[in-house]
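Below: one structure, written as structure tokens.
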Amino acid sequence: MYRAILKGTPAMKDILSELENRRDAARLGGGQKRIDAQHGRGKLTARERIDLLLDEGSFEEFDMFVSHRCTDFGMEKQKPAGDGVVVGWGTINGRQVYVFSQDFTVLGGSVSATHAMKICKIMDMAVANGAPVIGINDSGGARIQEGVDSLAGYGEVFQRNIEASGVVPQISVIMGPCAGGAVYSPAMTDFIFMVKDSSYMFVTGPDVVKTVTNEVVSAEELGGASTHTKKSSVADAAFENDVEALAEVRRLVDFLPLNNREKPPVRPFFDEPGRIETSLDTLVPENPNTPYDMKELITKVADEGDFYELQGDFAKNIITGFIRLEGQTVGVVANQPMVLAGCLDIDSSRKAARFVRFCDCFEIPILTFVDVPGFLPGTTQEYGGVIKHGAKLLFAYGEATVPKVTVITRKAYGGAYVVMSSKHLRGDFNYAWPSSEVAVMGAKGATEIIHRADLKDPEKIAQHTADYEERFANPFVASERGFIDEVIMPQSTRKRVARAFASLRGKKSQKPWKKHDNIPL
Ligand code: HXC
């Protein structure tokens, strides 16, 4: 071959065409028949997914010709180029990301030692160059023919997931099977997206479940998108198909910084930061027990009403997601009075704590809207460890050093008041609407405890309740003590919050040295 190059152009042509032939063969993955089968299931191929995820023409591939080294079970006769995963880098709206996309048409996308090495290579580059990693998972798991070599490969990926955590954002998109120990790589990433009806995640599949526990359950029920977005909270969102899921990943990436040393991108905005929303003056109903939709407040405060919600189908009593203010990303956590009256419980505490920690490690400021009557009572909560799980949110807010702006709209009772980014947990700006009540508990409950002797006299109790409301069901006692910085008009919330964050852009915070904290897990 080299002699041919020296001899002149025609041989060079042959070499170039050989390269093209090799590339074409690699691009065909497991062949047209398997590609058709993939399409038949409503799934795109690994390369089609990358094309949709990245800006047109921006993908630069690595390791297209890598093949496995297994010689057991006749594997030496079957060495597809690329070994079941397409890896490389490209851009999303001009910003660099690294990507791997498992190719189910090649040996079921199963993970061999070399397949894992390819993933590790781009993860290392992502950390070194400070850009997010997006993993598209569609795999039958460990390459059975390779045994422990495959497990070792997974282990190397896991270790990198851990090391990259908090350094670059990691996003997993589940677009096919993801089973056994393989689920633990996505589980350690920051966000997991799934596709309805074509993806599933479980540690042990339906057959093993039946053998061990006698339960009969389908793959979809056990680990489909609905299960993981509504019941387990393993996944952050589920989408109708591959195209929608990938478009949503692009939208998410636009909110995020490339790494922990960079700020999120500042988008052009066409919404006046000082915009007044008079409708917010009547958002909170007169009856303190009547719910209202906290999402209305979030969208009315956000630039152009754009809210990117995460975990929207799980623990709906708390809302988490991203908005922009003056074009800059802000993480929002908000109690939702429409569900469980906005109480904190195990699920909502876990959900919000994880979100707060994500924001903090990537320097995304946090806006908290509070309407919380307390922690949900009951044996289910206590036996489930609400003490430990509630403490996660408390801990997460208290350790977060990013700018924190809090607005209490109505109730802020008891421990939940402290937890929800209060002044005491180093909230930078703590605002309250005039309708807010900062107290140990609601007036009725308080009266029944401190005036127990009068319980049989409804008139006296009514009087005591009214007295308590008069004294505590307002934001002024807390503001007299400086726990609330300012009581603000609801209509001016966007303006006040935007100005607060603008004033905090230079915030620096010092902490004593420690190896790491010991958050209650
Ligand atoms: C090698 C595999 C494979 C695997 C699938 N294939 N999984 N090859 N190792 N793990 C191959 C199949 O032989 C087949 O090859 C092709 O991929 C497509 O698979 P099908 O079975 O035809 O597809 P489908 O009917 O859609 O079923 C998909 C599947 C099933 C549900 C994923 O293939 C399956 O159950 N695979 C085994 C899953 C498994 O037990 N994995 C190990 C889990 S333990 P041909 O040539 O016929 O097209 C694990 C541990 C990780 O992953 C630990 C990390 C620490």
Those residues of region 288-328 which are part of a loop (DSSP other than H, G, I, E, B), open to solvent by less than 50 Å² (accessible area, probe 1.4 Å) and closer than 20 Å to Arg350 by Cα, in sequence order: Gln311, Gly312, Phe314, Ala315, Asn317
Residue match in region 266-278 (condition: in contact (Cβ under 8 Å) with a residue 60 or more places away in the chain, away from the ligand (no atom under 16 Å from the Cβ) and of a type in the set (Gly, Ala, Ser)): yes
Single condition Gly176 does not satisfy, out of (1) within 11 Å of the ligand (Cβ to nearest atom); (2) closer than 29 Å to Phe322 by Cα; (3) open to solvent by 10 Å² or more (accessible area, probe 1.4 Å); (4) among the small types (Gly, Ala, Ser): (3)
In region 332-348, residue farthest from Leu297 (Cα to Cα) [restricted to those that are crowded, with 24+ Cβ neighbours inside 10 Å and in contact (Cβ under 8 Å) with a residue 60 or more places away in the chain]: Leu344
Residue check for Glu399: among the acidic types (Asp, Glu), in contact (Cβ under 8 Å) with a residue 40 or more places away in the chain and surrounded by fewer than 20 Cβ atoms within 10 Å (Cβ to Cβ): yes
Filter result (surrounded by fewer than 18 Cβ atoms within 10 Å (Cβ to Cβ) and within 20 Å of Lys43 (Cβ to Cβ)) within region 223-247: Ser226, Glu240, Asn241, Val243, Glu244, Ala247
Within region 474-505, tally of residues that are open to solvent by less than 60 Å² (accessible area, probe 1.4 Å) and either out of contact with any helix residue (DSSP H, G or I) (no Cβ under 9 Å at 6 or more places or on another chain) or free of Cβ contacts under 8 Å to residues at least 40 places away in the same chain (or both): 8
Qualifying residues in region 118-148 (those that are more than 9 Å from the ligand (Cβ to nearest atom) and more than 26 Å from the chain's Cα centre (by Cα)) - the one farthest from Cys70 (Cα to Cα): Val148
Check on Leu283, modelled with pLDDT of 95 or more and farther than 26 Å from Gly398 by Cβ: yes
Cβ pairs under 7 Å, 6+ apart, first in region 373-390 and on the phi > 0 side of the Ramachandran plot, second open to solvent by 40 Å² or more (accessible area, probe 1.4 Å): Gly374/Met441
Filter result for Val157 (surrounded by 20 or more Cβ atoms within 10 Å (Cβ to Cβ) and more than 13 Å from the ligand (Cβ to nearest atom)): no
Residue ranges of helices (runs of 4 or more DSSP H) in region 412-521 with at least 2 members in contact with a Phe, Trp or Tyr (Cβ under 8 Å, 6 or more places away or on another chain) and within 21 Å of Val332 (Cα to Cα): 414-419, 493-503
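The values are calculated or read from the model by the stated rules, or taken from the named source; none is laboratory data. Only a predicted model underlies this, so the values are computations on that prediction, with no experimental measurement involved. Glycine gets a Cβ as well: all are built from the backbone with ideal geometry, and neighbour counts include every protein chain shown. Surface areas here come from the heavy atoms of the whole protein model, side chains and all, with no ligands, DNA or RNA. Shrake-Rupley method; radii C 1.70, N 1.55, O 1.52, S 1.80 Å.
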